[in-house]
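**Q** Quick one: the structure is below, and I'll ask about it shortly.
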Amino acid sequence: MQNTYDPRQIEQQTQTHWEEEKTFKVVEDPSKEKFYCLSMFPYPSGKLHMGHVRNYTIGDVIARYQRMQGKNVLQPMGWDAFGLPAENAARKNKAAPAGWTYDNIEYMKRQLNSLGFGYDWDRELATCRPDYYKWEQWLFTELYKKGLVYRKNAVVNWDPVDQTVLANEQVIDGRGWRSGALVERREIPQWFIKITDYADELLDEIDNLEGWPDQVRTMQRNWIGRSFGVKMAFGIEGSDESLTIFTTRPDTLMGVTYVAVAGEHSLALQAAKNNTEIAGFVDECRQGGTSEADLETIEKKGIPLGINAIHPVSGEPVPIYAANFVLMGYGTGAVMAVPGHDERDHAFAGKYGIPIKQVIHPADGTNIDIQAAAYIEKGVLKDSGPFNDLTSEAAFDTIAEWLQARNKGEKTKNFRLRDWGVSRQRYWGTPIPMIHCDKCGTVPVPMADLPVVLPEDIVYDEDTINPIKADGAFAKCICPECGGAAQRETDTFDTFMESSWYYARYTCPGAETMLDERADYWLPVDHYVGGIEHAVLHLLYARFFHKLMRDVGLVQSSEPFTRLLTQGMVVAETYYRGESDGSKHWYNPAEVEVEQDEKGRPLSASLSADSQPVKIGGIEKMSKSKNNGIDPQSLIDRYGADTVRLYTMFTSPPDQSLEWNDEGVEGAFRFLKRLWALAIKGAAERGTDPSSVPLSALKDTRREIHEALKKALFDYDRQQFNTVVSACMTIVNTLYKLGDEKADLIVLHEGLGIVLRLLAPIAPHVSHHLWRELGYGEDILDAGWPQPDENALKQESIQYVIQVNGKVRAKIQVPVDADKSKVEEIALCNDNVQKFVGDVTVRKVIVVPNKLVSIVAK
Ligand code: ANZ
Ligand code: ZN
């Protein structure tokens with residue numbers, strides 16, 4: 001055995017071994033329990049960052065752990081390869097996005113391998129490859145045939161100078177990022193998938209996702225946002241038309257004192273035609289953000305349209321306002337306003353002098369001043385004509401039925417969730433497989449003509465906006481129905497489309513259909529690991545796709561991911577200097593020397609290059625903008641992969657944030673060196689059964705080892721890997737105390753065998769190497785999982801605390817098999833106890849088994 005721990009050499013050797021043996025290649029084996037462990041695939045941006053390293057280490061630890069439990073473990077990896085950064089890089093480098101992407105994939109794949117992740121690379125996929133996106137195109141055409149896909153106008157950001165649509169991130173302070181022109185909102189036709197048809201199922205099944213963090217389940221519920229309410233029609237004075245509103249509080253119906261519609265509502269648009277003031281207000285409503293968050297913060301404004309609505313119950317007229325807080329895209333774009341019982345309506349009524357009426361009273365009869373503030377709780381109805389004295393709950397149904405019987409309304413439910421707009425006007429994405437024919441209308445590309453391949457060999461320079469839109473050749477095609485000249489769709493899919501089903505395609509690489517029968521062996525994914533930033537969209541779209549694939553007969557399960565772990569952020573200190581123009585220049589932690597107080601808190605910092613001070617900017621998520629990222633490659637080069645993996649697992653539990661600290665990395669490295677040194681000593685003794693030699697002198701040592709093992713197993717199960725590492729450290733420390741006798745060496749051999757297996761998922765190279773070197777076996781992955789020895793755990797004696805008249809006076813060791821009277825006897829004999837009892841009589845002795853003896857003496 002080598003004297004010093006040389007990670008470079010053993011990691012390379014071990015990785016070569018895994019590659020040659022195809023250790024991580026798996027096939028379906030119905031005789032074995034399967035375990036599908038998946039980490040969210042990366043965007044091939046150039047190189048791995050610390051967030052990737054953490055994510056993939058967690059996934060690899062889980063996969064290796066499950067494998068050592070004897071399961072058939074699938075752990076694949078691939079590339080989320082389409083997206084805007086490739087286009088930007090291409091423009092800068094005057095190269096095609098494809099080449100940039102493929103180069104990055106190659107480099108990052110090498111990095112992943114250098115970290116020792118156990119992937120079955122035979123299943124690798126890149127979403128920009130036609131043999132992948134072909135099936136996504138196929139599914140889209142199937143959904144079109146099923147009526148789940150449609151085209152309608154939707155708003156985009158339009159750059160009037162570049163004559164192009166901009167992604168949200170290309171709009172900076174309201175201007176196009178390249179042209180600097182003021183961005184306009186424009187309506188263009190776009191493709192949608194009817195996710196709202198699945199909204200109920202997507203919501204209801206969240207209840208069954210017991211292996212998901214509560215926080216993520218709540219976020220999904222809120223995003224789908226189902227509310228139950230009533231849709232009802234108000235008449236319009238002097239017109240045959242009516243105005244439909246949506247409310248979740250029909251019980252407040254008799255408190256309506258006005259009605260409000262969105263600026264884009266047809267009533268507002270009509271009124272704007274011959275009233276410049278209203279037209280001005282409608283224009284104003286069009287500006288600014290349209291999100292709900294924006295609407296909550298804006299100043300509430302409105303304008304009367306000069307027409308009245310007719311209350312469906314009382315027949316009284318109420319004024320109609322256009323108001324900036326009513327969303328056109330939600331419900332019906334119109335609301336019945338109840339200032340007495342809604343805060344927003346109350347504020348609005350106050351501002352425009354509209355009456356405020358109380359129709360709900362607290363159930364306990366408390367008086368309230370409705371003019372001062374809205375009463376928004378439920379209660380009992382008053383001043384509500386035929387509905388008086390009903391509770392809010394009862395009134396909901398009664399009023400709904402009253403309206404329904406008169407054809408004026410019905411119960412309905414409403415979702416916040418909108419249909420999924422999948423069109424993007426970018427080049428680097430999956431072409432939408434649709435054809436526009438003047439004669440036949442919209443025609444899906446037939447299966448035989450799929451995939452519609454995105455041209456990759458294109459010329460890119462600073463002026464290129466979208467090569468497939470600029471050059472007419474891509475769009476030119478023949479209509480599959482009439483054979484006439486037609487135009488191909490030149491929009492591409494939202495890249496969330498590709499990431500919605502990659503997990504399924506991994507299960508059946510090379511399948512001649514979208515998925516084949518192998519999918520049902522592996523799916524659902526047993527454990528999914530990734531960032532919380534995907535808690536809503538990615539996970540919701542993937543759940544939706546799974547159901548779509550189920551409904552075309554491709555999978556049998558209904559949900560894709562059984563268990564989900566959202567890992568915490570990797571954060572680090574930031575350092576900067578103020579520039580003369582008021583901006584900040586950020587320095588990387590690697591360029592900075594920090595002075596700390598005795599508790600390790602930073603006191604001051606200076607730049608290594610010039611020894612002049614820099615300011616400490618606080619701890620933030622590692623990012624390019626704050627320049628506080630640590631390049632994992634430099635750490636791997638310096639310490640080896642095992643140290644990096646061990647450090648990221650040891651520093652904090654997987655779901656909490658990890659605060660970077662260089663000393664911690666050093667500490668992890670030192671621990672592996674200590675383990676190595678111990679192994680050198682351990683090499684002297686091989687394979688004697690520890691129970692075959694008299695080890696009485698070493699009983700305590702063995703108990704410590706097996707107790708730590710027991711704790712580690714418990715923590716592995718609940719994925720608290722940081723304390724697994726602590727247990728390993730405890731064992732190593734215990735083993736260091738052993739001497740050189742034969743019995744010591746036997747215990748050392750036993751202990752090393754345990755600690756190596758515990759560490760194998762976390763620091764796999766050194767564990768693999770030492771396992772063979774010390775003669776335990778061929779491959780540690782096949783070694784089985786260590787189990788605590790019950791005999792070793794047995795204690796010889798138990799500690800009791802002794803109180804005399806309620807005060808702790810002694811701690812004693814009592815043999816485990818001592819009965820109550822024996823415990824009492826030993827306690828009373830204790831010198832210190834005797835001293836405190838003194839001459840007085842012992843009145844009572846209470847023994848709490850395995851814990852406490854309480855003596856009362858007076
Ligand atoms: C009358 C009322 C009285 C309301 C009351 C609330 C309290 P959720 O739960 O989110 O579905 N609303 C309906 N459509 C709207 C739109 N397009 N823009 C803005 N607000 C709209 O919210 C439903 C409630 O939000 C509806 O119930 C409606 O106001 C308002 F004491 O109707 B309510
Ligand atoms: Zn045609």
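Just so it is clear, none of the values below were taken in a lab; they were calculated from the coordinates. Everything numeric here is computed off the predicted structure, so don't read it as measured data. Neighbour counts run over all protein chains shown; Cβ positions are idealised from the backbone, glycine included.
**Q** Loop-only GluC sites (Glu not before Pro) in the stretch 747-824, please: DSSP not H, G, I, E or B, and at most 11 other Cβ atoms within 10 Å.
**A** Working: sites: Glu750, Glu773, Glu778, Glu790, Glu796, Glu824; in loops: Glu778, Glu796.
Listed in order of number, the matching sites are Glu778.
**Q** While we're looking at this one, here's another question. Per-residue ellipticity at 222 nm for the chain, helices alone: DSSP H runs ≥ 4 residues times -39500 (n - 2.57), over residue total, nearest 500 deg cm²/dmol?
**A** -10500 deg cm²/dmol
**Q** Which aspartates and glutamates, if any, have their Cα less than 13 Å from the Cα of Lys134, not counting same-chain residues under 8 positions apart?
**A** By straight Cα distance, Lys134 reaches Glu142, Asp449, Glu498, Glu512.
**Q** What FRET efficiency do you get for Asp283 and Ile188 if R0 is 25 Å and r is their Cβ-Cβ distance, rounded to the nearest 0.05?
**A** 0.75
**Q** In the P(r) worked out for the stretch 162-267, what percent of Cα pairs fall beyond 21 Å?
**A** 67 percent
**Q** If you don't mind, there's one more thing I want to ask. List the pairs from Lys699/Lys811; Lys807/Lys858; Lys273/Lys408 whose alpha-carbon separation is above 18 Å, in the order I gave them.
**A** Over 18 Å Cα-Cα: Lys699/Lys811; Lys273/Lys408.
**Q** How much length is gained if the chain between Lys794 and Glu28 is pulled fully straight, taking 0.36 nm per residue apart and subtracting their Cα-Cα distance, in nm to one decimal?
**A** Contour length minus the Cα-Cα distance gives 271.5 nm.
**Q** What do you get for the angle between helix 276-286 and the principal long axis of the chain? Use alpha-carbon atoms, 0 to 90 degrees, nearest ten.
**A** For 276-286 against the chain, the angle is about 20 degrees.
**Q** Need the list of lysines near Lys194 for cross-linking: C-alpha distance under 17 angstrom, and skip anything on the same chain fewer than eight residues off.
**A** Cross-link targets: Lys145, Lys146, Lys152, Lys413, Lys547.
**Q** Expressed in nm to one decimal, what extension gain is obtained for the pair Ile172 and Ser608 from 0.36 nm per residue of sequence separation less their Cα-Cα distance? Kindly include the intermediate steps, with their values, before the conclusion.
**A** Working: separation 436, 0.36 × 436 = 156.96 nm, distance 3.51 nm.
Stretched out fully, the Ile172 to Ser608 stretch lengthens by 153.5 nm.
**Q** What FRET efficiency, computed as 1/(1 + (r/R0)^6) with R0 = 60 Å and r the Cβ-Cβ distance, is obtained for Val161 and Asp516, rounded to the nearest 0.05?
**A** Between Val161 and Asp516 the formula returns 0.75.
**Q** Need one number: % antiparallel among DSSP beta bridges in the stretch 467-599, to the nearest 5.
**A** 55 percent
**Q** Let me ask something additional. For the stretch 762-835, which trypsin sites (Lys or Arg not before Pro) pass both filters: DSSP loop (anything but H, G, I, E, B) and at most 14 other C-beta atoms within 10 Å?
**A** Passing both the DSSP loop test and the Cβ count: Lys794.
**Q** Another one. How much length would be gained if the chain were fully extended between Thr248 and Asp197, taking 0.36 nm per residue of separation minus their Cα-Cα distance, in nm to one decimal?
**A** Here the segment from Thr248 to Asp197 would lengthen by 16.3 nm.
**Q** Next question, about the same structure. In what sequence do Val552, Val61 fall when counting other Cβ within 10 Å, fewest first?
**A** Ranking Val552, Val61 by Cβ neighbours within 10 Å, fewest first, gives Val552, Val61.
**Q** Taking the chain, how much of its Cα-Cα pair set, in percent, is spaced more than 38 angstrom apart?
**A** 60 percent
**Q** Direction-averaged shadow area of the convex hull around the Cα atoms of the stretch 561-656, nm²?
**A** Here the figure is 8.8 nm², rounded to one decimal.
**Q** What trypsin sites (Lys or Arg not before Pro) does the stretch 131-233 have in DSSP loop regions with at most 14 other beta carbons within 10 Å?
**A** For trypsin sites (Lys or Arg not before Pro) across the stretch 131-233 that sit outside H, G, I, E and B with at most 14 neighbouring Cβ atoms in 10 Å, the list reads Lys146.
**Q** Sticking with this structure for a sec: How far apart, in nm, are two points set 7 Å out from the Cα along the Cα-to-Cβ line at Lys858 and at Asp581?
**A** 8.6 nm
**Q** In nm, to one decimal, how far is the modelled label at Lys599 from the one at Asp457, with both set 7 Å along Cα→Cβ?
**A** Modelled inter-label distance: 6.6 nm.
**Q** For Lys584, go through the lysines and keep the ones whose alpha-carbon is under 16 Å away, minus same-chain ones fewer than eight residues off.
**A** Lys615, Lys624, Lys626
**Q** A further question follows. Karplus couplings for the stretch 252-269 from phi (6.51 cos²θ - 1.76 cosθ + 1.60, θ = phi - 60°), rounded to Hz, Gly and Pro as x?
**A** Each residue's phi maps through the Karplus curve to give 8, 3, 6, x, 5, 10, 7, 10, 10, 10, 5, x, 8, 5, 4, 5, 5, 4 Hz.
**Q** Distance from the Cα centre of the stretch 1-41 to that of the stretch 390-465, in angstrom?
**A** Result: 44 Å between the Cα centres.
**Q** Among Phe228, Asn274, Thr248, whose Cα lies farthest out toward the positive end of the dipole of the stretch 198-306, if unit charges sit on the beta carbon of Lys, Arg (+1) and Asp, Glu (-1)?
**A** Checked the options; the winner is Asn274.
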